[in-house]
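Notes to accompany the following structure.
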Amino acid sequence: LLDVSWYTESMRAGHPVQILDRHKLQDQPTNEAEVEVFSVPSYACQRRTTLENRNTVLTDALSLLAENAELSAEEGRGVAFRRAAAVLKVLPEPVTDMTQLKGLPCLGEHSLRVIKDILENGASSEVESTKQSERFKALKVLTGVFGVGAKTADRWIREGIHDLQQLKDSRQTLNRAQRAGLEHYDDINQPVSKAEADAIGEIVEEAVASVLPGAQVTLIGGFRRGKLTGHDVDFLITHPEEGREVGLMPKIVSWLESQGFLLYQKTIRNSYLESDDGPARPCSNMDRFERCFSVFKLAEDEKRRAGQTQSHHASAEDGGLKPWRAVRVDLVVSPISQFAFALLGWTGSKLFERELRRWAGHEKTMSLSSHALYDNTQRTYLRATSEEEIFAHLGLDYIPPSERNA
Ligand code: DCT
Ligand code: MG
C-alpha cells in the first residue's frame with residue numbers, strides 16, 4: 001500500500017532522493033481524490049530542503065508567529081514554529097487536508113491549530129491579529145535598525161517609542177551601530193540581490209588579495225544555499241597555510257576603509273556559537289577566529305563593473321538619488337584547520353544549524369560548533385577537512401548547501 005511513485009519519479013528525473021515517502025491513507029474512504037499522507041524524518045538535518053516550497057501560505061504564517069515569539073523573548077515557542085514550518089517546506093505538494101499531516105514530526109497542537117484555521121478559513125486569526133498588533137509592528141520597525149535587538153526594542157516600546165520618528169525625537173543615546181542603522185535604515189532593510197552580493201564579493205576578494213596573497217574568500221550564508229536575495233552578505237576567509245590568517249581581519253578592514261568602502265565596521269572575537277556548545281571547548285587557536293560586522297557602501301558603478309546591468313536604484317542623473325546603497329556585510333576569518341566547521345556552521349540555515357547541533361548532542365553524544373566536533377564518549381576531537389567528512393562523523397547523509405534551506 002506504499003505509494004512510492006513520487007520517489008521513482010524524482011529518481012528518474014535525476015533529482016536527489018528525498019528522505020521522505022508518502023502513502024495513501026488505508027482506512028480513509030476513497031473519494032474522487034485520495035488523501036496523501038506524508039512521512040518525514042524529525043531532524044531538519046536529515047532532510048533535503050530546497051528553495052522550492054509548495055506550502056508558502058502555511059510556512060509564511062508559521063514563520064511570522066516564530067518571528068513574533070523570537071521578538072518577545074519566547075525562544076522555545078519560536079523554535080517550535082520554525083520546526084513546524086520546516087517540515088511543511090519538504091512536502092512534495094500543497095497540503096489541502098489535515099489528515100495528510102498525520103504522523104508528521106514537529107507539528108504541535110498550536111501549529112496544527114494555525115494550519116487548520118488557514119485550510120478551513122483561508123487565514124489564521126492569530127496570524128492576522130499578530131500582524132496588526134501595535135506591539136509587533138513596533139518591534140519589527142525598531143529591530144529593523146541595525147544594532148537594535150529585541151531587548152532594546154522592548155525597552156523603547158515600554159518608554160513609548162513605537163516608530164523611527166519617535167526614536168529620533170527621543171533623547172535615547174544610540175551606540176555607533178545604531179546610529180549607522182538609523183542613518184541607512186531604508187537601504188539596510190531593502191533585500192540584497194545576488195548581483196549586489198557578487199559585486200561586494202569582488203571588492204572583498206580584491207581587499208584580501210592585496211593584504212594577504214593566497215588567502216581565500218568563500219561566499220557563505222543564504223547566498224551559498226542558492227537564495228536570490230538576503231538581508232546581508234556573509235563571507236568566510238581563510239589561508240591554506242595554518243597561522244597565516246592571524247591578524248588578517250584588521251588588515252582587510254584597513255584596506256576597505258582606505259578605499260572608502262565602509263560606512264561602519266566593528267570587529268569582534270567570534271563568540272556566538274560557543275555559547276551553546278557546552279564541552280566542545282574550542283581549541284586554543286580559537287582566539288584567531290574573528291568576525292567583522294560592517295555596512296558597505298556599494299556604488300552603482302561597482303555593481304555594473306561586476307557585470308550587473310539593471311539596477312534597483314535610480315542613478316544620480318535621473319532624479320538626484322544617491323548613486324550607491326548601504327549593504328550589511330559580515331566577514332569571518334577562520335584558520336584552515338577549522339575551515340570545514342566554519343563553512344558548515346556559517347552556511348545555515350539557522351534552523352539547519354540548530355538541528356545539526358541537536359542531532360550531534362542528542363543522537364551522537366557529540367558537540368558540534370563552527371570550530372570543532374567533539375566526541376563526548378571517546379573524549380576526542382574529530383578532525384575534518386570537508387563538510388562531507390563532518391556529515392559522515394555525525395552519521396548523516398551529506399546534504400549540499402542548496403538543500404539546507406530548512
Ligand atoms: N547562523 C547561525 N545561528 C545564528 C546566526 C547565524 O547558525 N544565530 C549562521 C547560519 C547562517 C549564517 O550564520 C549567516 O547568518 P544570516 O546572515 O543571519 O543568515 P542567512 O541564512 O544568510 O540569511 P539572509 O539570507 O537573510 O542573510
Ligand atoms: Mg546572510
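None of the figures in this text is laboratory data; all of them are computed from the coordinates on show. Quick caveat: nothing in here was measured; it's all calculated off a predicted structure. Methodologically, a virtual Cβ is constructed for each residue, glycine included, from the backbone with ideal geometry; neighbour enumeration extends over all protein chains shown.
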Q | In order through region 195-209: 3J(HN,Hα) via Karplus (6.51 cos²θ - 1.76 cosθ + 1.60), integer Hz, x for Gly, Pro | A | 4, 5, 4, 5, 5, 5, x, 5, 5, 5, 4, 5, 4, 5, 5
**Q.** Which listed pairs, of Lys89/Lys137; Lys131/Lys168; Lys151/Lys266; Lys102/Lys137, have C-alpha distances above 32 Å, in listed order
**A.** Lys102/Lys137
**Q.** Fewest-first sequence of Thr218, Thr229 by Cβ atoms within 10 Å of each Cβ
**A.** Thr229, Thr218
(Q) As an exercise, find the ratio Rg/Rh for region 103-224 from alpha-carbon atoms, using the Kirkwood inverse-distance average for Rh. (A) 1.13
(Q) Compute the distance from the alpha-carbon center of region 162-241 to that of region 358-406, in whole Å. (A) 28 Å
Q.
Just to confirm my numbers, what's the Cα centroid distance between region 338-353 and region 60-82 in Å?
A. 22 Å
**Q.** Cβ-based exposure ranking for Lys227, Lys89, in which fewest neighbours within 10 Å come first
**A.** Lys227, Lys89
Q.
Assuming 0.36 nm per residue, please report the length gained on full extension of the stretch Lys266 to Arg244 beyond their Cα-Cα distance.
A. 5.7 nm
